[in-house]
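Enquirer: Quick one: structure below, then a few questions.
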Amino acid sequence: MKLTILGGGGFRVPLVHEAVATAATGLTVDEVALHDVDPERLATISAVIEEQGARLAEEGRAVALPRLIATADLREAVTGADFVFSAVRVGGAEARTVDERVALGLGLLGQETIGPGGLAYALRTLPVALEIARTIAELAPSAWTINFTNPAGIVTEAMRSVLGDRVVGICDTPIGLVRRVGRLLGADLVAGERGAEVDYVGLNHLGWLRSVRLEGTEHLPDLLADDAALEEIEEARLIGKDWVRADGALPNEYLFYYLHTADAIERITGAATTRGEFLAKQQGDFYLAAAEADGRGPEARAAESCCTSPLDLWRETLHEREATYMAESRDEERREEDVAGGGYQEVAMRLMTALATGRPERMILDVGNIAAGREDAPASERIVPELPANCVLEVLCEVDGDGVHPLPIAPVELGRLGMMSTLRAAERRILEAATTGSREAAWQGFATHPLVSSPELGRRLLEGYEAGHPQIAALLSGR
């Protein structure tokens, strides 16, 4: 079996490789093809993975070490793939800093996927994602594509227009929330222990856990009423115990940016750097130091004189990265159990294993409101009847050898439905701009985002992003 990882020089790729190499699920990946447009980053991550594989073998943890191929040729990477993990970042971490600073300069939220920064990220990413989808459709038409690329909801929605149901978006934040609740109840809610039934609904980075039933008994109201229990749930601490109790649901952690926008902006602007600037510096330092440790940097040291290997450097950097995740939303250091709460790689491996082996799994995924090809079916057959048939939602699904099957949910409350529809409407205008080059559509997308809601600010955002991003300027100028 061949797994292709697009964005293969990305910092978190070794997590995926470790999950593949140590998976005792009966699924054997024979070949991993890494693709990246940056050859230096690709070489560094390849070195980390090679060392990681050797250590896993020494420790007896490796079930099977796949053959590793690194290439800058997208067609070579995709050809013959059984699964494609798409985790690209168009413009790199440096572009993220522009996303953040343009918004902050106008007094708006500057964040990677939430607010106008997320729309700018989408606008420069969607043309690339669509080209990737067309390449997969041509060279690996039977492959399953698992999309990590943010903003995952609208990127997956765009790729579905080419690949249909064979592309699925994933995120690790919903599973982290459900796991924390499961720990309190003494059951693996995702696996369905004790007859667990979970109702989670939303868009990517905008969702709510609305019901948790064990053996037919609803437990969420009791959890919401218990201050000690809420103290153990990171999302409740971030957003406020009184609010989640009043709302009757546990929110995805990214709701912090919608519910405490002014506080988030104040915290971000009060910090020495934005998150993007922190990561650009941290990861830039890592790639440079790892290249030197591997004998490729401008001040490369002999392997025997290097005190820290590429893998050790990567592990140190990873822990710092995870521990400081969403730091602007916290008044305390992140708890170790939340740092180690799982990640994209675990969700992706479980999804891939279920599809390949037919062994059923349940997980929260980004999927179409109705199966591709059934868009003309009655609205009553959609997951959320009020939303478009091809809208990508984030809901609990069962996965097996026949595909991904969304599980039923309760009707979506008007307030949540309004937030979801307003956000996706803005994102769809950005998708229109990405596919047609329309400045008017891009302007409307920025202007109507729920954290902007201003034609004048929308215009100034667009002008700022055109000035800061060559990809956006070229797209909207027709070049």
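The values are calculated or read from the model by the stated rules, or taken from the named source; none is laboratory data. Small disclaimer: the values here were computed from a predicted structure and weren't measured. Backbone-built Cβ (ideal geometry, glycine too); neighbour counts: all protein chains shown. These accessible areas exclude ligands, DNA and RNA; they are computed on the full protein's heavy atoms, side chains included. Shrake-Rupley method; radii C 1.70, N 1.55, O 1.52, S 1.80 Å.
Enquirer: Using only the Cα atoms, what convex hull volume per residue in Å³ does region 1-113 have?
Expert: 112 Å³
Enquirer: From the backbone phi of region 218-223, what are the Karplus-calculated ³J(HN,Hα) couplings (6.51 cos²θ - 1.76 cosθ + 1.60, θ = phi - 60°) in whole Hz, Gly and Pro given as x?
Expert: Values, residue by residue: 7, 10, 4, x, 5, 5 Hz.
Enquirer: Which percent, to the nearest 5, of DSSP beta bridges fully inside the chain are antiparallel?
Expert: Roughly 55 percent of the DSSP beta bridges within the chain come out antiparallel.
Enquirer: Give me the percent of the accessible area of region 63-199 that comes from carbon and sulfur atoms, probe 1.4 Å, all protein chains in place.
Expert: So the carbon and sulfur contribution to the accessible surface is 51 percent.
Enquirer: Next up: What are the ³J(HN,Hα) couplings of region 256-269, residue after residue, when phi is run through the Karplus curve with 6.51, -1.76, 1.60 and θ = phi - 60°? Round to Hz, x for glycine and proline.
Expert: So the Karplus estimates, Gly and Pro as x, are 3, 6, 8, 8, 10, 4, 4, 5, 4, 4, 4, 5, 5, 6 Hz.
Enquirer: A further question follows. Can you pull out the GluC sites (Glu not before Pro) in region 3-84 that DSSP calls coil and that have at most 16 other Cβ atoms within 10 Å?
Expert: Loop-located and lightly packed - E59.
Enquirer: Moving to a separate point now. Any idea of the accessible area per residue across the chain, 1.4 Å probe, to the nearest Å²?
Expert: Heavy-atom accessible area per residue stands at 39 Å².
Enquirer: Please list, in order along region 9-14, the HN-Hα scalar couplings obtained from phi with the Karplus expression 6.51 cos²θ - 1.76 cosθ + 1.60 (θ = phi - 60°), rounded to whole Hz, x for Gly and Pro.
Expert: x, x, 4, 8, 4, x
Enquirer: Within a Cβ distance under 13 Å of T422, other residues only, what is the Lys/Arg minus Asp/Glu net charge?
Expert: Once positives and negatives cancel, what remains is +2.
Enquirer: Please state the relative contact order of the chain as a whole percent: Cα pairs under 8 Å, 6+ residues apart?
Expert: For the chain, the relative contact order is 16 percent.
Enquirer: Could you tally the net charge around V84, taking each other residue with its Cβ under 10 Å from the Cβ of V84, Lys/Arg +1 and Asp/Glu -1?
Expert: So the surrounding residues net to +1.
Enquirer: I need to check one value: relative contact order of region 54-137, counting alpha carbon pairs closer than 8 Å and at least 6 residues apart, in percent.
Expert: 21 percent
Enquirer: Another question, then. Taking 8 Å as the Cα distance limit and 6 or more residues as the minimum spacing, I'd like the relative contact order of region 220-296 as a percentage.
Expert: 19 percent
Enquirer: Rounded to the nearest 500, what is the 222 nm mean residue ellipticity of the chain from helices alone, with -39500 (n - 2.57) per DSSP H run of 4+ residues and division by all residues?
Expert: So the calculated ellipticity at 222 nm is -15500 deg cm²/dmol.
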